[in-house]
Amino acid sequence: MTNLPPRKFSTSSKTSKQDASPLQILLQMGFPKNRALKALAATGNRSVQLASDWLLTHVNDAFIDTEQPREYIFYATPTGPLLNQLHAFWEKSKAIGSWNGAHNFPPHITLVSFFKAADEASLQLAKAVKQVVEMVGDPPACQLKLEPYISHNFMGLFISEEHADYLKKMAMQFVKEVSSILGVKVDTYEHLDALGACFPWCTMPQEKDISTNLEAHVKSLHITLAYHFEESEYDALKALVEELKPDTLTSWELRLYSRDPRFANHQVHKVTQRYVPEANDELELVLGDYIYIEEKQFDSSPDGWVLGTSWLTGVSGYLPAVYTQRTAESDAWTLHRAISLGTNLGTDSKSESDSTDIEMAAYPHEDSPELGHEKSEETYKDWEKYWKTVKIDKTESILNVTQGVDWKTDTACNNGDSKTHGDCKDVKTTNSTSKDRRWVFAMRHGERVDLTYGVWVPFCFDNNGTYVRKDLNMPEKLGERVGGKESYALDTPLTRVGRLQGQLVGEGLRAAGVPVRHVYASAALRSVETAHALLLGLQADPSVKIRVEPGLFEYKMWHLAKGMAPFMTPMEMHKAGLNVDLNYKPYVDLECNTPETLNDFFKRNEYVMQAAVKDTEAEGGNIIFIGHAATLDVMVLSMKRLAEGKTDKDDFNYQTSNNLLRIPYCALAAMKSNPWEIVSPPCPPSINSSSGRYNWKMLLDL
């Protein structure tokens, strides 16, 4: 074979063998560049999935195209026992009386004050945190010494000068790194001197005084405990400070946060009670959301209604203030990077955000580590009785636990078949039959290949169009389809983890003794593969097959820019090993490349779901619709409207829900019929996190 001669000149750049960046993926998904950059910055460059969800939930944000740089701040934060002490101090100080300025922020030492940076710089700023740690070097071997300071308008813990040099170097080096990124003037914050002086921040929060220049804090480094408090609270706060043990062995993290500058002078309130708007100038309140509210709103409101802006959607409107509770401003900030300063300053507290330096940062799908852990604790509490009474003691049915009612199992279980539903023997029965109250489920698909790896097709197919697996989490094989690899680029399969996620839900339903007789899946390959995995976990009868329904596909306009591949045919899916119903006739014949409105999207989904429920009513059996993030909301709305006698022929102004941001892979929604009501799913959820790419060559540097 003749050797290929090297090219001396080329009119094109050499093809990169690396995955496309999150920005490139979002552009390929059809999002404008300015919005994609804003979404990545607002979500801390955690993942394409989170950024795309942010864009979808901010579709009605009037300021989404406004060019307004985010504001960043650089902290050193304690972790471990000292942090626990400070959290307890915060809660006790809140109980003493009024809200004081320290309650707006987490316990911290400010190293660099707020500065502004364009959205395209957010990833570089996060990487600069790691570079600073590498350049400054190891921390001192001794514990940082903290000394209490108490006055009638300020209380804090100051780092003694002999121990503060290391953090000062961190601050100054970070300023240098950022100045090279942004090309701005460098200042130092040197106008704060003696400990006994009346400090500027005693009368004004230091976080509010934002300079256009970078400012490294190199004098009187401290943790603020309280300021802007009432004189009557002084003695009680002083007593709390004196109870602290600041010499507790402590480790530290460097943390880079950012915030939306429009709300720098607003209070942040968390939603404590859901509210559905009754007028077009009102704001929907969703649990888990935060609301930005100006303080003057509370002073001028005659009826307790205030004007606020949703952190989740960017939409503004009036809301009942009593349905919210004030919280720290920092709860609505974005964490971009958190890196442990190592074991020399205390115990190790390595941050997840320091685990990888690639752009697809190693964060859970939807939340920062703190929020993820908080949600896990809530989940453990919610499902504690499940594990004890159902799985360990086996004294109750899962349906008794989650629904508070007795429930009759499926026919196979009643006939003594304990192989398929091992826990069925413990289920109490009633006179009702399984037809009386059917389960209707909706589920999102599992983890996608394209949002996990970025642009993958050019690197996973050879010149002959043959699929080559390049990662253990990629599919073992792919079936033949019209369009070949180009179609796979537009209609992604699941990862191996994605299939496992679907199988786990099936196993959960099987453990609860809840069979599924009718399975409808969006024609997207990822949805059909999720349905297949669910049936494997259920160990369903082979006669239960997947009904591939194009009408359940997501909003087509999200794919308008890059186009849609023709769906795989049921026969192609069957040959690829998927358990599809080859005799099923879809309710909707969907044209892939024609436009539609949001109402069109909702009505075709509603038509499919209501028709499927009606057409299977005589046969009975539980139903599941497997599709996309919006499928859960659409199912609930469709069944509610069915109960009201409304169909796709009746007018309905559909809007994308705030819930889209909080629907992880394989999230399960559940309703029961006769009468229709939203109920707890009969099995626990599953929480999982992503991981970065591993390169074994790093070990060569040891």
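Okay, residues lined up against (1) under 32 Å from the mean Cα position of the chain (by Cα); (2) modelled with pLDDT of 95 or more:
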position	(1), (2)
MET443	yes, yes
GLU447	yes, no
GLY454	yes, no
ASN463	no, no
ASN473	yes, no
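From the residues in segment 15-36 that are hydrophobic (A, V, I, L, M, F, W, C) and open to solvent by less than 30 Å² (accessible area, probe 1.4 Å), which one is modelled with the highest pLDDT? Steps first, answer last, please.
Filtering segment 15-36 down to residues hydrophobic (A, V, I, L, M, F, W, C) leaves 20, 23, 25-27, 29, 31, 36.
Filter again for open to solvent by less than 30 Å² (accessible area, probe 1.4 Å), leaving 20, 25-26, 36.
Values: ALA20: 73, ILE25: 87, LEU26: 89, ALA36: 93.
Among those that are hydrophobic (A, V, I, L, M, F, W, C) and open to solvent by less than 30 Å² (accessible area, probe 1.4 Å), it is ALA36.
Going by the structure shown, is LEU287 touching a residue at least 12 places away in the same chain (Cβ under 8 Å) and open to solvent by 10 Å² or more (accessible area, probe 1.4 Å)? Yes; evaluated as a whole, the condition is true for this residue. Within segment 52-96, the residues that satisfy the criterion of being assigned to a loop (DSSP other than H, G, I, E, B), open to solvent by less than 40 Å² (accessible area, probe 1.4 Å) and not hydrophobic (A, V, I, L, M, F, W, C) are HIS58, ASP61, GLY80.
In segment 126-148, which residues are outside any loop (DSSP other than H, G, I, E, B) and open to solvent by 50 Å² or more (accessible area, probe 1.4 Å)? Step through it out loud before you land on a result.
Going through segment 126-148, the residues outside any loop (DSSP other than H, G, I, E, B) turn out to be 126-136, 146-148.
Residues satisfying the conditions are LYS127, LYS130, GLN131, GLU134, MET135, GLU147, PRO148.
The C-beta contact set for segment 453-472 (first residue on the phi > 0 side of the Ramachandran plot, second residue of a type outside the set (Phe, Trp, Tyr) and at pLDDT 90 or above, distance under 6 angstrom, 6+ apart or interchain) comprises GLY465/GLY484; GLY465/LYS485. When every residue of segment 548-556 is checked against the conditions, at least one turns out to be modelled with pLDDT under 95 and open to solvent by less than 30 Å² (accessible area, probe 1.4 Å).
Name the single residue, out of those in segment 37-51 being out of contact with any His (no Cβ under 9 Å at 6 or more places or on another chain) and in a helix (DSSP H, G or I), that is most open to solvent (accessible area, probe 1.4 Å). Among those residues, the one meeting the criterion is LEU37. Checked against (1) open to solvent by 40 Å² or more (accessible area, probe 1.4 Å); (2) at negative phi; (3) at pLDDT 95 or above, LEU560 passes all but condition (3). For segment 257-264, indicate whether the set of residues that are polar (S, T, N, Q), over 30 Å from CYS142 (Cβ atoms) and open to solvent by 20 Å² or more (accessible area, probe 1.4 Å) is non-empty. Scanning segment 257-264, I find no residue that is polar (S, T, N, Q), over 30 Å from CYS142 (Cβ atoms) and open to solvent by 20 Å² or more (accessible area, probe 1.4 Å), so the answer is no. The residue pairs whose first member lies in segment 60-77 and is of a type in the set (A, V, I, L, M, F, W, C), whose second member is in a loop (DSSP other than H, G, I, E, B) and modelled with pLDDT of 90 or more, and whose beta carbons are closer than 7 Å, counting only pairs six or more residues apart or on different chains, are PHE63/GLY314; ILE64/HIS58; ILE64/GLY314; ALA76/HIS108.
Residue by residue, here is whether (1) free of Cβ contacts under 8 Å to residues at least 40 places away in the same chain; (2) β-branched (Val, Ile, Thr); (3) assigned to a loop (DSSP other than H, G, I, E, B) holds:
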| site | (1), (2), (3) |
| --- | --- |
| PRO515 | no, no, yes |
| TYR520 | no, no, no |
| VAL528 | no, yes, no |
| HIS532 | no, no, no |
| LEU535 | no, no, no |
| ALA540 | yes, no, yes |
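Can you find, within segment 519-545, the residue that is nearest to GLY446 (Cα to Cα) among those that are among the hydroxyl-bearing types (Ser, Thr, Tyr) and modelled with pLDDT of 95 or more? Don't jump to the end; show me each part of the working.
The first filter runs over segment 519-545 and keeps only residues among the hydroxyl-bearing types (Ser, Thr, Tyr), leaving 520, 522, 527, 530, 543.
This time we only want the ones that are modelled with pLDDT of 95 or more, so: 520, 522, 527, 530.
On the way: TYR520: 15, SER522: 13, SER527: 8, THR530: 6 Å.
That would be THR530.
When the residues of segment 479-504 are filtered to those that are hydrophobic (A, V, I, L, M, F, W, C) and under 12 Å from VAL449 (Cα atoms), which remaining residue is least open to solvent (accessible area, probe 1.4 Å)? So that I can check it myself, show each step before the final result.
Going through segment 479-504, the residues hydrophobic (A, V, I, L, M, F, W, C) turn out to be 482, 489-490, 494, 497, 500, 504.
Okay, now just the ones that are also under 12 Å from VAL449 (Cα atoms), so 489-490, 494, 497.
Details: ALA489: 46, LEU490: 60, LEU494: 3, VAL497: 58 Å².
Looking at the filtered set, the residue picked out is LEU494.
Criterion applied to VAL449, VAL455, VAL519, VAL528 was being surrounded by 24 or more Cβ atoms within 10 Å (Cβ to Cβ) and within 24 Å of ASN45 (Cα to Cα), and the one residue passing it is VAL449.
Quick grid of which residues meet (1) open to solvent by 40 Å² or more (accessible area, probe 1.4 Å); (2) under 21 Å from PHE114 (Cβ atoms); (3) of a type in the set (Asp, Glu); (4) modelled with pLDDT under 70:
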position: PHE154; (1), (2), (3), (4): no, yes, no, no
position: PHE158; (1), (2), (3), (4): no, no, no, no
position: TYR166; (1), (2), (3), (4): no, no, no, no
position: LEU182; (1), (2), (3), (4): yes, yes, no, no
position: THR224; (1), (2), (3), (4): no, yes, no, no
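Of the residues making up segment 589-615, those that are assigned to a loop (DSSP other than H, G, I, E, B) and surrounded by fewer than 17 Cβ atoms within 10 Å (Cβ to Cβ) are ASP589, GLU591, CYS592, ASN593, THR594, PRO595, GLU596, THR597. Which one is farthest from GLU91 (Cα to Cα) among residues in segment 241-261 that are in contact with a strand residue (DSSP E or B) (Cβ under 8 Å, 6 or more places away or on another chain) and assigned to a helix (DSSP H, G or I)? So the residue we want is PRO261. For segment 625-672, a tally of residues being closer than 21 Å to LEU535 by Cβ, part of a loop (DSSP other than H, G, I, E, B) and of a type in the set (Gly, Ala, Ser) returns 1.
For PRO69, the conditions (1) within 20 Å of the chain's Cα centre (by Cα); (2) at pLDDT 90 or above are fulfilled apart from (1).
The one condition from (1) touching a Ser or Thr at 6+ places or on another chain (Cβ under 9 Å); (2) buried (at least 18 other Cβ atoms within 10 Å of the Cβ); (3) in contact (Cβ under 8 Å) with a residue 40 or more places away in the chain that ILE293 does not meet is (3).
The values are calculated or read from the model by the stated rules, or taken from the named source; none is laboratory data. Bear in mind that the values here come from a model prediction, so they are computed numbers and not experimental data. Please note: Cβ atoms are built from the backbone with ideal geometry, for glycine as well, and neighbour counts cover all protein chains shown. What goes into the accessible areas is simple: the full protein's heavy atoms, side chains included, and nothing from ligands, DNA or RNA. Shrake-Rupley method; radii C 1.70, N 1.55, O 1.52, S 1.80 Å.
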